[in-house]
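Colleague: Below is the structure I would like to discuss, written out as structure tokens.
The values are calculated or read from the model by the stated rules, or taken from the named source; none is laboratory data. Remember, predicted model here, so these are calculated numbers, not experimental data. Backbone-built Cβ (ideal geometry, glycine too); neighbour counts: all protein chains shown.
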Amino acid sequence: MTVHSTIKRVTDRIIRRSEATRQPYLDRMETARLKGPARAHLSCSGQAHAYAASGTDKAALATGTAGNLGIVTAYNDMLSAHQPFERFPELIRGAARQVGGTAQVAGGVPAMCDGVTQGEAGMELSLFSRDVIALAASVALSHDTFDAAVFLGVCDKIVPGLVIAAQAFGHLPAVFLPAGPMESGLANDDKARVRQQVAAGEVGREALMAAEMAAYHGPGTCTFYGTANTNQMLMEFMGLHLPGASFVPPNGALRDALTQEGAKRALSLSALGNNYTPVSAILDERTFVNGIVGLNATGGSTNLVIHLVAMARVGGILLDWQDFSDISEVTPLMARVYPNGLADVNHFHAAGGLGFMIGQLLESGLLHPDTRTVAGEGLRHYTQDPILRDGRLSWCPGPETSLNDRILRPASDPFQPTGGLKRLTGSMGTAVIKVSAVAPEHQVIEAPARVFSDQDAVKSAFKSGELTGDVVVVVRFQGPRANGMPELHSLTPLLSILQGKGHKVALVTDGRMSGASGKVPAAIHVSPEAVDGGPIARVRDGDLVRVNAIAGTLDILADDLDTRPNATADLAAGQTGTGRELFSTFRNTVGAATSGATIFGG
């Protein structure tokens, strides 16, 4: 199948844009490859330090002939998605020994839960934690004693941070090992309904607590299609997972087999063998385009619009928000997973999941079929399903038809013809909007602005009855340089209530929305941000603001906009407490949202 003309055009555009940065990166990776792992060149004392606690693996390590696998783990037992990783190192060590290799935990990285920190001060560290994770993983691998690596991570900033580190050590092969989703609990739509009832004062905290505990009830990823599960999808579309690995439940025989095979596969791809496949060879421009297609086809998290840009930049690949928008225009929305529908990721996986979707997109020419992956040359491997036969892992052809067309549809008969991610431009600057869950009648909103400098002020205004009628809620001074660009998901229930009363409602912010952005139109990541003097700093209460997701525009309808002074905000209260004082360097050096909101060359 010929690659779709738009996919080819956008890919070629990215390649041209990246010419000056991509080749120097590849040259650095080649230099690192030629040097090779340094453990054989370490001093005797250095080697003794590296092998001292390795027990029966000491001899294999000391000879320097066996492949040594570095494990970078984001394990903690507060995150349900990461708790299963407690068992992984021993599984990986055993698998490495079976093929004559060794494995060591190279280091751990922090992993925070955005679900815990929503609406709290800790959320202002969330986006920055991605770059901290990249730094921590780089420290772990800096000992330069590894022939390959496996990365254990699932959730929102963790996978992007680990990919950034994998890019920095792109001369090494790497396999990402997921933990899988928790079993389905209380339906996500029912959970959202209780949240709205609490916001409206109809039920109390006891009912809310019961609903939340029924929804988040065991180990594994949260089952709605937010950033964590979007990360897992991307790792398959981009060839860093084993085929079909993303949504296999934790702690079962199939999950354990996939973990062990992932470790063996990583070692088999090292420079010690005949199938050397480093990360730098996998994550090229075509692979990132495939990831953007997957993001749109599944209705994935808007957070990845920032993360993919940051991940690509470390490998010398320059993505632009227009790339996302152009790809969205030709990518069919094939899935309805909450908040874009009532199903969760377990239902999606059962209906045919990523294997069916990748097969359909390949047949439609919407994916580059010949990218390199950890499973071998070509994305066709990822149309297969993993199975256990007599205790042995193998792969079989995935379904060629959807098993539930209310959840998953073919590319020829999608839920909608476009992916739903759109770049907005206009007198407010540039922004991103996701409309895969937004009804057509809400995709163009023109209403008076109510302007706030933090989300708590919005909640207070709602509780006091100030938000009545049509309204565009503008929440500014929420960008990366102002306060770390927190998600504003805790505003979703009250905005949904206003919309449910028949009002025209939209959110405009230089902050982020949750990866579970839903039915209220939200123009987010507005850039330039308010603290940098972007036009959002000049909007006033009562100004008409137009959010037009169909035309791709975001405008303040005021004739004197250019002559107004920029508003200011006292940000001092948000600069300290909950560790925020330690992140002043990040706030001072972070780049704009359009370049990934990263400290790495942003």
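Colleague: Determine whether segment 234-255 contains at least one residue that is in the same structural domain as residue 166 (by TED's automatic domain parsing), assigned to a helix (DSSP H, G or I), among the hydroxyl-bearing types (Ser, Thr, Tyr) and at negative phi.
Modeller: Within segment 234-255, the subset in the same structural domain as residue 166 (by TED's automatic domain parsing) is 234-255.
This time we only want the ones that are assigned to a helix (DSSP H, G or I), so: 234-237, 253-255.
Filter once more, keeping what is among the hydroxyl-bearing types (Ser, Thr, Tyr): none.
Looking for residues that are in the same structural domain as residue 166 (by TED's automatic domain parsing), assigned to a helix (DSSP H, G or I), among the hydroxyl-bearing types (Ser, Thr, Tyr) and at negative phi, one finds none in segment 234-255, hence no.
Colleague: A follow-up question, please. Where in segment 7-107 are there helices (runs of 4 or more DSSP H), lying wholly inside it, with at least 1 residues that are surrounded by fewer than 21 Cβ atoms within 10 Å (Cβ to Cβ) and in contact with a strand residue (DSSP E or B) (Cβ under 7 Å, 6 or more places away or on another chain)?
Modeller: Values: elements: 19-35, 44-51, 58-63, 88-98.
Hits in segment 7-107: 58-63, 88-98.
Colleague: What residue, of 327, 317, is surrounded by 19 or more Cβ atoms within 10 Å (Cβ to Cβ), within 19 Å of the chain's Cα centre (by Cα) and within 30 Å of residue 264 (Cβ to Cβ)? Before you say what the answer is, go through the steps one by one.
Modeller: Working: 327 fails: within 30 Å of residue 264 (Cβ to Cβ).
Just one listed residue meets the conditions, 317.
Colleague: Which of the residues spanning segment 520-539 are buried (at least 24 other Cβ atoms within 10 Å of the Cβ) and outside any loop (DSSP other than H, G, I, E, B)?
Modeller: The answer is 522, 523, 524, 525, 526, 530, 536.
Colleague: So is residue 122 assigned to a helix (DSSP H, G or I), over 18 Å from residue 75 (Cβ atoms) and either assigned by TED's automatic domain parsing to the domain that holds residue 577 or in contact (Cβ under 8 Å) with a residue 40 or more places away in the chain (or both) or not? Give the derivation first.
Modeller: Values: assigned to a helix (DSSP H, G or I): yes; over 18 Å from residue 75 (Cβ atoms): yes; either assigned by TED's automatic domain parsing to the domain that holds residue 577 or in contact (Cβ under 8 Å) with a residue 40 or more places away in the chain (or both): yes.
So residue 122 fits the description; yes.
Colleague: Can you tell me which residues in segment 500-519 are part of a loop (DSSP other than H, G, I, E, B), surrounded by 24 or more Cβ atoms within 10 Å (Cβ to Cβ) and not polar (S, T, N, Q)? It would help to see each step written out before you state the result.
Modeller: First, the residues of segment 500-519 that are part of a loop (DSSP other than H, G, I, E, B): 501-504, 510-511, 513-519.
Okay, now just the ones that are also surrounded by 24 or more Cβ atoms within 10 Å (Cβ to Cβ), so 510-511, 513-517.
Correct list: 510, 511, 513, 515, 516.
Colleague: Taking segment 276-308, which residues are part of a helix (DSSP H, G or I), of a type in the set (Ser, Thr, Tyr) and closer than 18 Å to residue 162 by Cβ? Don't jump to the end; show me each part of the working.
Modeller: Initial filter on segment 276-308 (part of a helix (DSSP H, G or I)): 279-282, 285-298, 303-308.
Okay, now just the ones that are also of a type in the set (Ser, Thr, Tyr), so 280, 287, 298.
Those that are part of a helix (DSSP H, G or I), of a type in the set (Ser, Thr, Tyr) and closer than 18 Å to residue 162 by Cβ: 280, 287.
Colleague: Which is of a type outside the set (D, E, K, R) and buried (at least 24 other Cβ atoms within 10 Å of the Cβ), of 342, 362, 272, 295?
Modeller: Among 342, 362, 272, 295, only 295 is of a type outside the set (D, E, K, R) and buried (at least 24 other Cβ atoms within 10 Å of the Cβ).
Colleague: Follow-up. Looking at segment 99-120 only, could you name the residues that are in contact with a helix residue (DSSP H, G or I) (Cβ under 7 Å, 6 or more places away or on another chain) and over 21 Å from residue 82 (Cβ atoms)?
Modeller: 99, 101, 102, 119
Colleague: Which condition number does residue 144 fail, the rest of (1) surrounded by fewer than 18 Cβ atoms within 10 Å (Cβ to Cβ); (2) at negative phi; (3) assigned to a loop (DSSP other than H, G, I, E, B) being met?
Modeller: Just one mismatch for residue 144, condition (2).
Colleague: Here's something else I'd like to know. Cβ-Cβ under 8 Å, sequence separation 6+ or interchain: first residue in segment 21-45 and assigned by TED's automatic domain parsing to the domain that holds residue 277 and touching a residue at least 60 places away in the same chain (Cβ under 8 Å), partner assigned to a loop (DSSP other than H, G, I, E, B) and among the β-branched types (Val, Ile, Thr). Which pairs?
Modeller: Listed pairs, sorted by first residue: 21/317; 22/317; 37/145; 38/145; 39/145; 42/145.
Colleague: Further, regarding this structure: On the given criteria, is residue 359 small (Gly, Ala, Ser), over 27 Å from residue 192 (Cβ atoms), touching a residue at least 40 places away in the same chain (Cβ under 8 Å) and touching an Asp or Glu at 6+ places or on another chain (Cβ under 6 Å)? Explain how you work it out, then say what you get.
Modeller: Details: small (Gly, Ala, Ser): yes; over 27 Å from residue 192 (Cβ atoms): yes; touching a residue at least 40 places away in the same chain (Cβ under 8 Å): yes; touching an Asp or Glu at 6+ places or on another chain (Cβ under 6 Å): no.
So residue 359 does not fit the description; no.
Colleague: Also, I was wondering about something else. Report, by residue number, each residue of segment 366-396 that is part of a loop (DSSP other than H, G, I, E, B) and not polar (S, T, N, Q). Give the steps one after another, and end with the answer.
Modeller: Initial filter on segment 366-396 (part of a loop (DSSP other than H, G, I, E, B)): 366-371, 374-375, 378, 390-391.
Correct list: 366, 367, 368, 369, 370, 374, 375, 378, 390, 391.
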